Amino acid sequence: LYNAGILPLILLPIIFEEPDIRPFHDFMLSHSPASFTAFRRFYLYLNDDLPDADIPLIIELLERGTNLQSLNVPYDIFELGAHDGAAEAITKLTRLEEFTVTGPMPRSCEKMLSHLQSPLVSIDGYFDWPNDGHADPVLLLSNFQRSLEDVGFYHVVFSSTAFHYPKVTRLSLNQCDTLPLPVLTTVFPNLKELTFSYSLAQVTTEQIEEL
C-alpha cells in the first residue's frame, strides 16, 4: 500500500504556498531513502516571508533531494543567514533542469550559478543587484550555453556576445531598460519567441520586426 500510494504522490509536484515545511520535512526523513528517490519537483510559492526556522529544513530537503529536476525557491532562502547552505545544496544538484527564484536574487547567487553542476534547460530569475548594477545573463549563465532552451529574466542588461545559446527558443524579458536586438540575435540565434514588458514600452515595431 505504501509503495502503491505514497511514493506516486511524492512523484507529483510538491507545492507550498504557506510556510509550513516541518510536517513535510519530517515525513520525508521518516521514509528516507525511498521518499527522496521519488522527490523530483519542489515549488515554494510562499505568500509570506520565509521563517528563519524553516531555512535549515529546506536546506536539508535540498541536500537529500539528489533527484530533483524542477525547483522554485523564494529569494530570501539565500538571505537569512543560511544562504551559503542553500546555495551550496543547490550547486550540488546534478539532475536539475528547471530552476526559478522568485524575487530579486542576491549577488551571492552569481557564484552559485557559476558552480551549478546541473545541465539547466529552463531558468527564470530576477537578477537585479541594487549596489552592483544589473547582471549580464550572457555571462552569468555561460555554463549552460549547451543546455538552456527557455529563459526568463527581470532587470537584466545584455551587453556581451561572448557566449551563444543555440538551443534557446524562448526568451522572456521583464522590467528591462533596453532591448538590444543585435546582441540577442547573436547570442540566441535560434530564438522563436520573445516577450517583454514594462520599461520596454519604448521598443518600436521596426525593432521587433528586425528580430
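The values are calculated or read from the model by the stated rules, or taken from the named source; none is laboratory data. Owing to the predicted nature of the structure, the values given are computational and were not obtained by experimental measurement. Cβ sites come from the backbone with ideal geometry, for glycine too, and all protein chains shown count toward neighbours. We work out accessible area using only protein heavy atoms, side chains counted, and drop any ligands, DNA or RNA first. Shrake-Rupley method; radii C 1.70, N 1.55, O 1.52, S 1.80 Å.
Could you compute Rg(Cα) / (2.2 N^0.38 Å) for segment 85-162, with N its residue count? Numbers along the way, then the final one.
Working: Rg = 11.7 Å, N = 78, 2.2 N^0.38 = 11.5 Å.
That ratio works out to 1.02.
Between ASP52 and THR185, with labels modelled 7 Å along Cα→Cβ, what's the label distance in nm to one decimal, could you check?
5.3 nm
Starting from the Cα coordinates of segment 23-120, work out the convex hull volume and express it per residue in Å³.
Values: hull volume 8.5 nm³, N = 98.
Normalising the Cα hull of segment 23-120 by residue number yields 87 Å³.
Which of the lysines could a cross-linker span from LYS111 if the Cα-Cα distance has to be under 18 Å and same-chain partners fewer than 8 positions apart are dropped?
LYS92
Once every Cα of the chain carries one equal point scatterer and solvent is ignored, give the base-10 log of I(q)/I(0) from the Debye formula at q = 0.11, 0.14 Å⁻¹, two decimals.
-0.56, -0.86
What are the aspartates and glutamates whose alpha-carbon lies under 12 Å from the alpha-carbon of LYS167, with same-chain residues fewer than 8 places away excluded?
Cα-Cα hits under 12 Å: GLU149, ASP150.
Could you look at the chain and say what percent of its accessible area is carbon and sulfur, using a 1.4 Å probe and all protein chains? Walk me through the numbers before you get to the answer.
Working: 5280 of 10460 Å².
On the chain, the fraction of accessible area on carbon and sulfur atoms equals 50 percent.
Return the distance in nm (one decimal) between the two label points of a simple spin-label model at ARG95 and GLU60, each offset 7 Å from Cα along Cα→Cβ.
2.2 nm
Under 5 Å between amide H atoms, partner at least 5 residues away or on a different chain: which partners does LEU93 have, H built in plane at 1.01 Å?
It is GLN117, by chain and number.
Excluding ligands, DNA and RNA, what is the solvent-accessible area per residue of the chain at a probe of 1.4 Å, expressed in Å²? Before the final figure, lay out the partial values.
On the way: 10460 Å² over 211 residues.
Here the per-residue accessible area is 50 Å².
Quote the accessible area belonging to ILE15 in square angstrom, nearest 10, computed with a 1.4 Å probe and with ligands, DNA and RNA left uncounted.
For ILE15, solvent-accessible area is about 90 Å².
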